[in-house]
Amino acid sequence: MTTCYQATQQGLGTLATLWNHGDTFDCGGGCFWMAGNAFHTAVDCLYRLKLNDSYNFGQEAIAYFEKKVPDQSDPTKWGTQYGFWVDDYGWWGIALITAYFSADTLQYDAVLKQKLGQYAINCWTALHANWDNSALNWQVNGKPVSITGGIPNTAQDLELAGRNCVTNECFWRLSELLAVAFGSQYLDPNTNESNFFAQARDQNVLFTGNNLVWQRFLGLPPSPDPNWAWLGDQGLFSVCSFFNSERPGNGFDQGTAGNLIKAVLSSNLVKGVLHEDLAPVDQYRLDYACGKGTFMRSIASMNDYRHGEFPSVPGPYDTILLASARSIWANQLAGGVFPYYWAKEAPEPTDWGYSDQVVKTVLHAAGLCAVAGTVPWQSKEVIG
């Protein structure tokens with residue numbers, strides 16, 4: 001009999017092996033941002049388990065980040081300097097500031113904690129520098145749409161380029177977290193993401209007919225075929241809205257978050273377990289494979305908040321976190337690696353376009369987000 005706490009410990013150990021001191025992600029393509037996401041997962045697990053970072057994730061992540069982004073003197077140049085997509089710095093920034101907040105529990109020294117905070121600020125600066133106040137003009141069903149502001153994910157002419165949702169959600173969330181840590185200057189009124197998204201909502205291009213957030217605004221070129229609603233967007237948008245409610249936010253608040261999560265749980269469950277089809281753009285399938293994990297990590301943070309508010313009442317997302325965690329645990333692959341299809345509802349994909357080690361690390365980290373989300377509130381529940 002294994003408890004949720006024990007499963008999270010074991011899953012973290014497997015992640016450390018797969019991470020391999022960060023060397024696993026010393027590769028091209030999406031490896032840079034995938035490394036940041038894996039680091040975020042590790043920090044979240046350690047904090048939830050109330051363990052120090054005996055694996056040395058923090059030092060290794062900083063060493064990896066400095067290797068990939070060696071010039072920290074002027075982050076405003078990062079958008080084109082290193083060839084990474086701009087949203088990569090959003091993922092890294094959120095991971096770094098999360099580690100900063102968790103530094104005492106993880107027993108990081110003052111030097112490491114200072115670097116975590118400063119590098120998170122540098123990531124914010126890189127994103128902030130790429131804010132684009134020009135107007136986006138297009139038509140949907142013959143009706144004109146016009147939206148100003150936002151951050152494009154790359155200046156290159158690539159499929160999925162442009163002002164997509166995830167880049168702007170990452171900046172929104174990073175701004176919220178840095179404001180808590182270092183002050184309201186990180187809520188720059190000239191780069192207000194809730195205003196950016198409110199324009200899309202008010203022109204009916206933000207939400208699908210099922211009340212999910214589009215991967216990019218409806219009909220906005222260049223669009224993949226088809227536009228789709230990615231679970232990573234649902235998680236990020238809901239957590240941004242939830243913690244946006246303590247200040248003016250154009251109507252994006254805890255109610256918005258609750259309705260969005262309800263919409264996901266109405267459309268993306270198989271056997272009571274979170275499910276997502278593979279992304280419709282083959283080149284980026286592994287990038288989007290973290291979607292379920294991002295969603296679970298996001299709702300776990302909101303679940304934590306509700307547990308803190310009402311200690312004697314079950315959290316609103318206890319059930320989906322535990323059900324998915326149990327299914328992930330029951331269907332783990334060789335070596336304790338977590339699968340892509342958590343309910344074993346389809347055969348595991350075999351061609352992801354990356355090395356086997358990278359694939360395993362990305363998929364395992366995604367599943368571990370759900371398993372870790374059961375801790376500490378359901379630590380003693382049997383997972384399998």
Review point. Ser175 is checked against (1) assigned to a loop (DSSP other than H, G, I, E, B); (2) more than 21 Å from Phe25 (Cα to Cα); (3) of a type in the set (Gly, Ala, Ser); (4) without any contact (Cβ under 8 Å) to a residue 60 or more places away in the chain and fails just one. What number does that condition carry?
Key: (1)
Check your understanding: Is it the case that region 244-260 has a residue that's part of a helix (DSSP H, G or I), touching a residue at least 60 places away in the same chain (Cβ under 8 Å) and among the polar types (S, T, N, Q)?
Key -> yes
Check your understanding: What residue, among those in region 53-82 that are assigned to a helix (DSSP H, G or I) and among the polar types (S, T, N, Q), is surrounded by the most Cβ atoms within 10 Å (Cβ to Cβ)?
Key -> Gln59
Practice item. Say whether the condition of being closer than 18 Å to His40 by Cβ and part of a helix (DSSP H, G or I) is met by at least one residue in region 329-342. Key: no
Study note, to complete from the structure: Within region 361-374, residues closer than 15 Å to Arg285 by Cβ and either touching a Gly at 6+ places or on another chain (Cβ under 8 Å) or of a type in the set (Lys, Arg) (or both) come out as Ala366
Practice item. Kindly indicate the residue of region 290-323 that is touching a helix residue (DSSP H, G or I) at 6+ places or on another chain (Cβ under 9 Å) and in a loop (DSSP other than H, G, I, E, B) and also farthest from Tyr340 (Cα to Cα) among those meeting that condition. Key: Val313
Study note, to complete from the structure: So, first residue in contact (Cβ under 8 Å) with a residue 12 or more places away in the chain and charged (D, E, K, R) in region 148-168, second residue assigned to a loop (DSSP other than H, G, I, E, B) and surrounded by fewer than 23 Cβ atoms within 10 Å (Cβ to Cβ), Cβ within less than 6 Å, six or more apart or across chains; the pairs are Arg163/Pro152
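Just checking, how many residues over region 102-136 are of a type in the set (Ser, Thr, Tyr), in a helix (DSSP H, G or I) and more than 21 Å from the chain's Cα centre (by Cα)? Lay out the reasoning, then the answer.
If we filter region 102-136 for residues that are of a type in the set (Ser, Thr, Tyr), which is where we start, we get 102, 105, 108, 119, 125, 134.
Of the ones still in play, those that are also in a helix (DSSP H, G or I) are 105, 119, 125.
When the remaining residues are screened for being more than 21 Å from the chain's Cα centre (by Cα), the result is 105.
Matching residues across region 102-136 total 1.
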Exercise for review: Please find, within region 325-348, the residue that is surrounded by the fewest Cβ atoms within 10 Å (Cβ to Cβ) out of those that are under 13 Å from Gly272 (Cα atoms) and without any contact (Cβ under 8 Å) to a residue 60 or more places away in the chain.
Suggested key: Lys344
Check your understanding: Which one is surrounded by the fewest Cβ atoms within 10 Å (Cβ to Cβ), of the residues in region 83-123 that are in contact with a Gly (Cβ under 6 Å, 6 or more places away or on another chain) and not aliphatic (A, V, I, L, M)?
Key -> Tyr108
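From the list Ala161, Ala200, Ala155, which one is surrounded by 20 or more Cβ atoms within 10 Å (Cβ to Cβ) and farther than 21 Å from Leu96 by Cβ?
It is Ala200.
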Point to revise | Every pair of residues 6+ apart whose Cβ atoms lie under 8 Å, when the first sits in region 114-130 and is over 15 Å from Phe65 (Cα atoms) while the second is not aliphatic (A, V, I, L, M) and not in a helix (DSSP H, G or I) | key: His128/Asp188; Asn130/Pro152
Check your understanding: Taking into account only those residues within region 225-242 that are within 19 Å of Cys170 (Cβ to Cβ) and part of a loop (DSSP other than H, G, I, E, B), which is modelled with the lowest pLDDT?
Key -> Trp228
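Matching residues to (1) surrounded by 21 or more Cβ atoms within 10 Å (Cβ to Cβ); (2) under 16 Å from Thr294 (Cα atoms):
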{"site": "Gln9", "(1), (2)": "no, no"}
{"site": "Gly13", "(1), (2)": "no, no"}
{"site": "Trp19", "(1), (2)": "yes, no"}
{"site": "Asp23", "(1), (2)": "no, no"}
{"site": "Gly29", "(1), (2)": "no, no"}
{"site": "Ala35", "(1), (2)": "yes, yes"}
{"site": "Phe39", "(1), (2)": "yes, yes"}
{"site": "Leu46", "(1), (2)": "yes, no"}
{"site": "Leu51", "(1), (2)": "no, no"}
Check your understanding: Which one of these is surrounded by 15 or more Cβ atoms within 10 Å (Cβ to Cβ) and over 19 Å from the mean Cα position of the chain (by Cα): Leu178, Leu218?
Key -> Leu218
Practice item. Working carefully through the options Leu322, Leu363, find the one that is within 19 Å of the chain's Cα centre (by Cα) and in contact (Cβ under 8 Å) with a residue 12 or more places away in the chain. Key: Leu363
Point to revise | Residue, surrounded by the most Cβ atoms within 10 Å (Cβ to Cβ), within region 267-297, restricted to residues that are under 17 Å from His364 (Cα atoms) and of a type in the set (Ser, Thr, Tyr) | key: Thr294
Study note, to complete from the structure: Within region 226-245, the residues that are touching a Leu at 6+ places or on another chain (Cβ under 7 Å) and surrounded by fewer than 24 Cβ atoms within 10 Å (Cβ to Cβ) are Asn227, Ala229
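Residue by residue, here is whether (1) within 23 Å of Gly36 (Cα to Cα); (2) in contact with a Ser or Thr (Cβ under 6 Å, 6 or more places away or on another chain); (3) not basic (Lys, Arg) holds:
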{"position": "Asn164", "(1), (2), (3)": "yes, no, yes"}
{"position": "Glu169", "(1), (2), (3)": "yes, no, yes"}
{"position": "Leu174", "(1), (2), (3)": "yes, no, yes"}
{"position": "Val180", "(1), (2), (3)": "yes, no, yes"}
{"position": "Tyr186", "(1), (2), (3)": "yes, yes, yes"}
{"position": "Pro189", "(1), (2), (3)": "no, no, yes"}
{"position": "Asn195", "(1), (2), (3)": "no, no, yes"}
{"position": "Ala200", "(1), (2), (3)": "no, no, yes"}
Review point. Picking from Leu96, Leu46, which residue would you name as being of a type in the set (A, V, I, L, M), part of a helix (DSSP H, G or I), at pLDDT 95 or above and within 24 Å of Pro152 (Cβ to Cβ)?
Key: Leu96
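The values are calculated or read from the model by the stated rules, or taken from the named source; none is laboratory data. Not measured: the values here are computed from a predicted model. Heads up, the Cβs are rebuilt from the backbone with ideal geometry, glycines too, and the neighbour counts pull from every protein chain shown.
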